[in-house]
Amino acid sequence: MSDKSVSSQMTRRLLAAASLCVPAMVVIASWWAWRDRLPTDLASHWSGAGPADGAMAASVLFSLYLAITGVSAGAGVAIALWSRISAGARRGGLFLFGLFGGMGAASWLLSAGLTMRAGDPYEVVLGPWFLLSLASAGYGLIPSLISPKPHIEATDVRGRFTLAARETGAWSQTITGNIFVWATIILVVLGGAIYVPMVIDGRIGGELFGMATMTAAVLLVASFIRLRVTADWRGLRVVSAVLRLPLKRIRMKNIDLLEAGELRPAEWGGWGYRIMPGRSALILRKGPGLIVTTRNQKQFAISLDDPETPAALLATLRDAARLPAAE
Amino acid sequence: MLFVVNAALTVSLAEQIAVQVRSGIVNGELKPGERLPPARDLAKSLRVNMHTVLRAYAQLRDDAVIEMRQGRGAFVRPDAGPGLIRVTELAAQLMREARKLGLTQQDIMRLIQRGGTT
């Protein structure tokens, strides 16, 4: 790695660390600006759409949110500057502490700002500001994205097929994700336990949204039970064989490297459909799988019994597609 | 499983696909009860006409290698194993050779019956 690159990476890490300090600074600055106008007690808890049902002394609430944002900043700075940690883990850690910091600062601003406006902490209604509280969790993305990208170490599969001029190949396999079978069963049992008594008692009217959400969750998880994986001249496609929904598509022109390797759930964030910054995976078990690295340095992995065949076929078709038309 | 078709061969594309499904069953890539790729998808993957794939599937169905389930697609028959595939291949080969010699279906049936008694 060149000196310039190292310097650029360090700058990004310092900026990520600085961005994690912003929530704590916002809490301190707002307290300083409002200190003379802050009521003795501030609204601190809401149970629904109505007014607050809990309040805390302003000094206690300030200390609490200062501690949350301060600890997040301290831990985040330590992670940002820690050299031994991998870039991926650093990004994950920064996201987590950014999330806590962002939510801490937003909660403080809402409690203090809305109580100052309402006067009585028990008359403070959160209303649409609730959305700000939710959105503040996204603050974790800022330090995470500022931090240097993980350096992907990938090698290209060696195997190739010999295809004649008018010959073409395609690979297709239907795989079953037992983990999604169990997850679907658990969701159905859970949904049944929650909603069947309500249906029997005729209390379902107010729970239609919850029931619809549960049904959607069951359908979503069930769509992963049977997956059809296809490798052909178009690239790699993963389609739900149950609902016929496309779940993943990597176009041939975007494929950079292909690997048939051993997938360890711990390295991909666990079992199931995993989405991480720059990486996603369908991990059905520990064992062989196909890893595709795209040209924009993102990776997708999927558990397959025989990943060598689709890897070699896609590599063959990718190489052929890159050949100049004149050849 | 892997499908490879070559438009330059004299063997029809449908026959090439059918042969590969049989091979897939023989070498264990396709198991009894397993679903074959939908004809439309496989046709797109191989850049052939969908009717070519449907012809291949129809041929395999006629040979009792696969079964077509209404609205659900094509599945390898539960009783389709390497033995059945081998017999199917030999039968197809017998039919080709017999036709070259100008034998009628009745002649072929008579030969088979005679073979069965020896």
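The values are calculated or read from the model by the stated rules, or taken from the named source; none is laboratory data. Predicted model, so just to flag it, every value in this text is computed and none were measured. Here Cβ is always computed from backbone atoms with ideal geometry, including for glycine, and neighbour counts include all displayed protein chains. Protein only, heavy atoms only, side chains kept; ligands, DNA and RNA dropped before computing areas. Shrake-Rupley method; radii C 1.70, N 1.55, O 1.52, S 1.80 Å.
Checking each residue in region B:71-92 for being open to solvent by less than 50 Å² (accessible area, probe 1.4 Å) and touching a strand residue (DSSP E or B) at 6+ places or on another chain (Cβ under 8 Å) picks out B:73, B:74, B:75, B:76, B:80. Scanning region B:16-32 for residues that are in contact (Cβ under 8 Å) with a residue 40 or more places away in the chain, crowded, with 19+ Cβ neighbours inside 10 Å and closer than 18 Å to residue A:304 by Cα yields one hit, B:30.
Can you tell me which residue in region A:40-64 is least open to solvent (accessible area, probe 1.4 Å), limited to those that are in a loop (DSSP other than H, G, I, E, B) and of a type outside the set (Gly, Ala, Ser)? Explain how you work it out, then say what you get.
First pass over region A:40-64, keeping only residues in a loop (DSSP other than H, G, I, E, B): A:40, A:46-50, A:52-53.
Next, only the ones that are of a type outside the set (Gly, Ala, Ser) stay: A:40, A:46, A:53.
Numbers: A:40: 114, A:46: 53, A:53: 80 Å².
Applying the filter and picking the extreme gives A:46.
Of the residues that sit in region A:253-271 and are at pLDDT 90 or above and open to solvent by less than 20 Å² (accessible area, probe 1.4 Å), which one is farthest from residue A:170 (Cα to Cα)?
Applying the first criterion (at pLDDT 90 or above) to region A:253-271 yields A:253-263.
Right, trim to open to solvent by less than 20 Å² (accessible area, probe 1.4 Å) and you get A:255, A:258, A:263.
Numbers: A:255: 16, A:258: 16, A:263: 23 Å.
Here the residue is A:263.
If I filter region B:2-15 down to residues being closer than 20 Å to residue B:63 by Cα and open to solvent by less than 20 Å² (accessible area, probe 1.4 Å), which single residue comes out as farthest from the other protein chains (Cβ to nearest Cβ)? Break it down into steps so the answer makes sense when it comes.
Kept after step one, since they are closer than 20 Å to residue B:63 by Cα, are these residues of region B:2-15: B:3, B:11-15.
Retained after the next criterion (residues that are open to solvent by less than 20 Å² (accessible area, probe 1.4 Å)): B:3, B:14.
Numbers: B:3: 5, B:14: 15 Å.
Residue satisfying both the conditions and the ranking: B:14.
Looking only at residues of region A:273-288 that are in contact with a strand residue (DSSP E or B) (Cβ under 6 Å, 6 or more places away or on another chain) and under 19 Å from residue A:254 (Cβ atoms), we find that the one that is surrounded by the most Cβ atoms within 10 Å (Cβ to Cβ) is A:282.
Would you say residue A:308 is within 14 Å of chain B (Cβ to nearest Cβ) and either in contact (Cβ under 8 Å) with a residue 40 or more places away in the chain or of a type in the set (Lys, Arg) (or both)? Full working, then the answer.
Numbers: within 14 Å of chain B (Cβ to nearest Cβ): yes; either in contact (Cβ under 8 Å) with a residue 40 or more places away in the chain or of a type in the set (Lys, Arg) (or both): yes.
For residue A:308, the condition - within 14 Å of chain B (Cβ to nearest Cβ) and either in contact (Cβ under 8 Å) with a residue 40 or more places away in the chain or of a type in the set (Lys, Arg) (or both) - is met.
Could you look through region B:33-70, keep only residues that are more than 13 Å from chain A (Cβ to nearest Cβ) and among the basic types (Lys, Arg), and pick out the one that is least open to solvent (accessible area, probe 1.4 Å)? The selected residue is B:69.
Against the conditions (1) under 15 Å from residue B:3 (Cβ atoms); (2) within 14 Å of chain A (Cβ to nearest Cβ); (3) in contact (Cβ under 8 Å) with a residue 24 or more places away in the chain, residue B:73 satisfies every one except (1).
Being of a type outside the set (D, E, K, R) and open to solvent by 60 Å² or more (accessible area, probe 1.4 Å) is the filter here, so list the residues in region A:122-131 that pass it.
Going residue by residue through region A:122-131, those that are of a type outside the set (D, E, K, R) are A:122, A:124-131.
Matches in region A:122-131: A:122, A:125, A:128, A:129, A:130, A:131.
Looking at A:62, A:161, A:97, just one residue is in the same structural domain as residue A:318 (by TED's automatic domain parsing) and among the aromatic types (Phe, Trp, Tyr), and that residue is A:161.
Would you please name the residue that is farthest from residue A:253 (Cα to Cα), looking only at residues in region A:289-318 that are in a loop (DSSP other than H, G, I, E, B) and among the acidic types (Asp, Glu)? Step through it out loud before you land on a result.
First pass over region A:289-318, keeping only residues in a loop (DSSP other than H, G, I, E, B): A:295-298, A:304-307.
Now drop any that are not among the acidic types (Asp, Glu), which leaves A:305-306.
On the way: A:305: 25, A:306: 23 Å.
Step by step, filter region A:289-318, then rank; the result is A:305.
The residue list A:92, A:119, A:88, A:104 contains one member that is over 28 Å from residue A:298 (Cα atoms) and open to solvent by 10 Å² or more (accessible area, probe 1.4 Å), which is A:119.
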